[in-house]
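The values are calculated or read from the model by the stated rules, or taken from the named source; none is laboratory data. All of these numbers come straight from a predicted model, not from anything done at the bench. When we count neighbours, we look across all protein chains shown, and the Cβ atoms used for this are built from the backbone with ideal geometry, even at glycine. The area values use the complete protein model at the heavy-atom level, side chains included, leaving out ligands, DNA and RNA. Shrake-Rupley method; radii C 1.70, N 1.55, O 1.52, S 1.80 Å.
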Amino acid sequence: SLYISVGGANGHLWLLDRRVGGFVNTWTAHEDAVLRVFPCGSEKFASVSSDRSAQVWSVRGGEVVRHGRVRGLPDSGPGMCASSLALQLFPHAPKQPRVLYALAGHKASVCILPEHRKDDEAREVRVERSNFFTDVGEKLTRHRMNSLAALVLPLRRLLIAGCEDGALRVCT
C-alpha cells in the first residue's frame, strides 16, 4: 500500500503517503479516540473509535473519501480497546465482505463493513449488541465475563475471545 493511516486520541486520522515520506492529509474522523485502524486493501482502511462507531475510508489521489459508517458497537465494562477488535479479511478473495468483530465486557457486535457504492453516497449501518452465552444457553453477565482480546480464525470462521478471568472463549 502507498498509504499508511494512523489515529489519535482526539478522534483525528492522519494519512501518510510513503512516496512523499510525510503526512498528506488530516481530518476529524470520530467524536472520540480512535482505537484502531485496519487496512482493507491497497487504498482502503477502516477506523474504529471509542465513540462506538467504525468508518470505512478510501484514498483517491491523496484525497480521503468516507464510504460508510457503522454505529452501535458495544460499550459495556471497561469498553472496547484495540486488542478487543478484529477484522476478518479474505486477501485472496477481494469480493468477500470485510467482517468487523467488536468486543467490550460481556457484549459483542459483528457486522459487515459497508462497501463503496456506485452513487458515491456513504452508507450507514446500525448494529445490535449481543451478549455471550455458555454452552448450555446461560447468559454471561458483566460479572462473569470481561473480554480483553479478540482473534479471528477466518478459515474456520471462529472468534476467540480472551477474557479477564484467564479463560479463552471460542465463538462460532
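Considering only region 1-32, state which residues are small (Gly, Ala, Ser), surrounded by fewer than 18 Cβ atoms within 10 Å (Cβ to Cβ) and within 18 Å of Leu73 (Cβ to Cβ).
The one that is small (Gly, Ala, Ser), surrounded by fewer than 18 Cβ atoms within 10 Å (Cβ to Cβ) and within 18 Å of Leu73 (Cβ to Cβ): Ala9.
Pairs needed: first member in region 2-13, closer than 21 Å to Ser42 by Cα; second member anywhere, acidic (Asp, Glu) and in a loop (DSSP other than H, G, I, E, B); C-beta distance under 7 Å; at least 6 residues apart or different chains.
Between residues of region 2-13 that are closer than 21 Å to Ser42 by Cα and residues that are acidic (Asp, Glu) and in a loop (DSSP other than H, G, I, E, B), the close pairs are Tyr3/Glu43.
In region 147-172, which residues are open to solvent by less than 40 Å² (accessible area, probe 1.4 Å) and in a loop (DSSP other than H, G, I, E, B)?
Ala167
Filter the strands (runs of 3 or more DSSP E) completely within region 76-146 down to those with at least 1 residues that are open to solvent by 60 Å² or more (accessible area, probe 1.4 Å), of a type in the set (Asp, Glu) and at pLDDT 80 or above.
It comes to 123-126.
If you scan region 58-74, which residues turn out to be within 16 Å of Glu31 (Cβ to Cβ), open to solvent by 10 Å² or more (accessible area, probe 1.4 Å) and out of contact with any Asp or Glu (no Cβ under 6 Å at 6 or more places or on another chain)?
Arg66, Arg71
Residues in region 41-52 that are out of contact with any Leu (no Cβ under 8 Å at 6 or more places or on another chain) and either under 22 Å from Cys81 (Cα atoms) or outside any loop (DSSP other than H, G, I, E, B) (or both): how many?
Residues flagged as out of contact with any Leu (no Cβ under 8 Å at 6 or more places or on another chain) and either under 22 Å from Cys81 (Cα atoms) or outside any loop (DSSP other than H, G, I, E, B) (or both) within region 41-52 amount to 3.
Please state which one of Phe23, Phe38 is aromatic (Phe, Trp, Tyr), under 14 Å from the mean Cα position of the chain (by Cα) and not in a loop (DSSP other than H, G, I, E, B).
Phe38
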